[in-house]
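A quick write-up on the structure given underneath.
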Amino acid sequence: MTKQQKSNILPIAVMFSLFFMIAFVTNFAGSMGVIVKNQFNASSALSQLGTFANFIAYACMGIPAGIILKRKGYKFTALLAVSVGFLGVGIQWISGYAESFGVYILGAFVAGFSMCMLNTVVNPMLNTLGGGGNRGNQLIQFGGSCNSIGGTIAPILLGYLIGGQIETASVSDAAPAMLIAMAIFFVAFLVIFFVHIPEPHLETKEQRLNKQKDPHSPLSFRHFVLGAVAIFFYVGIEVGIPNMANLYMSDNPLVGPAIAGTVVGLYWLMMMVGRLIGGAVGAKVSSKLMLSTVSFVAIVLLLCVIFFPETWVVAFKGVELPVSMIVMFICGLCTSVMWGAIFNLAAEGLGKYTPAASGIFMALVCGGGVIPLIQGAVADSLGYLGSYIITIACLFYLLWYALIGSKNVNKDIPTE
């Protein structure tokens, strides 16, 4: 191991912890819908406002985060992100004692700014710390595994903190987890502040002044525009599936929040397994085949979730769990590889426009808030399981995009 590699161990570890925090804080907001529905007498739609606020921040911050990263560098952006994250989680922590739904939503919105900036930082920073190439990609894959672990732990921990009775659940019950998140953000800030972070892509003032106006942009490519819409739908699918299942199981007195959190955690665990499988076969299977296959399978699985009789149950940790919820967490195997496949298809042939495309992609992550909100509204009319028709409709779009919409029809645009 070279001296440079040894000096990068600490910042790499910090990036792994931030990957963990992105999923932990994001999935925590989704799982909080169970508490919000009880404490503030919210409908299924309003219970998803925390998730909506968390993800709509991406629409506001996606492109600005990319500009900040380019002009101020990795270190400044990372420090700003963890500071905002500490503030956002802190506001949510205060909301539990203030018993204010508005304060909770504000905290989720502020935390969303942090998650967006962290997402903008961690992938390119790990690639840079690894020296690019295979080593850089390897670090990103390890970081993705940490992300899945954080997503798995959040709902399980929240279910444990709530306990078996949803009727007495309040935001203050989640205080221990929020304090842990704030402590990790604080430690991450100190470590990032004192370690050296390489800045190979920092844009100079002269470069900004000499930049010429380009007549084209990523939006000039049809397959990218359609891919950006696919990302919007995909994140909504990924978040909406476990969020609605959590509400459905928590409202079932024979299941309860603790078991519900464990089952939802298994969904995110399946995503980690799926990412490992996807990484192993990714060099042999095209993104088009991968996306079309998992989209079709996910449609079939969710149709099973809707139409399996609720009387079909299996024993799970001493309770009778609907078979449909077993099918639900298996969906994590499908959603795990969708992001990479969509990004690969949408970025194909973009060349110099790829960095700008990444910023637009990050803005469209707001679908993770919009789609679950719509799904929650449908659930108020058709029930929790019936609301999955929204998710299925989004999956049909992904299937169409993989088979037809991903073709690059703008090859005449110069990309060098």
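The values are calculated or read from the model by the stated rules, or taken from the named source; none is laboratory data. Just so it is clear, the structure is predicted and the values come from calculations on it, not from any experiment. When we count neighbours, we look across all protein chains shown, and the Cβ atoms used for this are built from the backbone with ideal geometry, even at glycine. All accessible areas refer to the heavy atoms of the entire protein, side chains included, with ligands and DNA or RNA removed. Shrake-Rupley method; radii C 1.70, N 1.55, O 1.52, S 1.80 Å.
Observations
- The residues in region 399-416 that are hydroxyl-bearing (S, T, Y) and buried (at least 18 other Cβ atoms within 10 Å of the Cβ) can be counted, and the count is 2.
- Hits in region 31-66 (condition: in contact (Cβ under 8 Å) with a residue 12 or more places away in the chain, in a helix (DSSP H, G or I) and over 26 Å from P176 (Cβ atoms)): I56, Y58, A59, C60, M61, G62, I63, A65, G66
- Candidate set: region 1-30, residues that are of a type in the set (S, T, N, Q) and not in a helix (DSSP H, G or I); chosen: the one modelled with the highest pLDDT: N8
- Across region 225-244, the number of residues qualifying as within 21 Å of T262 (Cα to Cα) and over 14 Å from the mean Cα position of the chain (by Cα) comes to 1.
- Residue list for region 253-309, filter: over 26 Å from F396 (Cβ atoms), small (G, A, S) and open to solvent by 20 Å² or more (accessible area, probe 1.4 Å): A258, G279, A280, A283
- When region 322-362 is filtered for residues that are open to solvent by 10 Å² or more (accessible area, probe 1.4 Å) and either basic (K, R) or closer than 14 Å to M244 by Cβ (or both), the ones remaining, listed by number, are V327, F329, K352.
- All of (1) assigned to a helix (DSSP H, G or I); (2) closer than 27 Å to Y248 by Cβ hold for G340 with one exception: (2).
- Test: V365 is in a helix (DSSP H, G or I), at pLDDT 85 or above and surrounded by 22 or more Cβ atoms within 10 Å (Cβ to Cβ): yes
- Which listed residue, of F329, F296, is of a type in the set (F, W, Y) and over 25 Å from V34 (Cβ atoms): F296
- A298 being of a type in the set (G, A, S), out of contact with any His (no Cβ under 9 Å at 6 or more places or on another chain) and modelled with pLDDT under 95: no
- Residue selected from region 368-398 under the condition closer than 25 Å to P218 by Cβ and in contact with a Phe, Trp or Tyr (Cβ under 6 Å, 6 or more places away or on another chain), by the criterion surrounded by the fewest Cβ atoms within 10 Å (Cβ to Cβ): Y397
- Checked against the criterion of being over 23 Å from the mean Cα position of the chain (by Cα) and open to solvent by 40 Å² or more (accessible area, probe 1.4 Å), region 54-68 contains not a single residue that satisfies it.
- Unmet requirement for I197, which otherwise passes all of (1) touching a helix residue (DSSP H, G or I) at 6+ places or on another chain (Cβ under 6 Å); (2) modelled with pLDDT of 75 or more: (2)
A quick yes/no check of all residues on (1) of a type in the set (S, T, N, Q); (2) in contact (Cβ under 8 Å) with a residue 40 or more places away in the chain; (3) in a helix (DSSP H, G or I):
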residue: M272; (1), (2), (3): no, yes, yes
residue: M290; (1), (2), (3): no, yes, yes
residue: V297; (1), (2), (3): no, no, yes
residue: P309; (1), (2), (3): no, no, no
residue: A315; (1), (2), (3): no, no, no
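- V285 being at pLDDT below 90 and among the β-branched types (V, I, T): yes
- Within region 328-340, no residue that is more than 15 Å from F296 (Cα to Cα) sits with its Cβ atom under 7 Å from a residue that is of a type in the set (K, R) and open to solvent by 10 Å² or more (accessible area, probe 1.4 Å) at 6+ positions apart or across chains.
- Qualifying residue in region 120-141 (condition: open to solvent by 40 Å² or more (accessible area, probe 1.4 Å) and modelled with pLDDT of 80 or more): no
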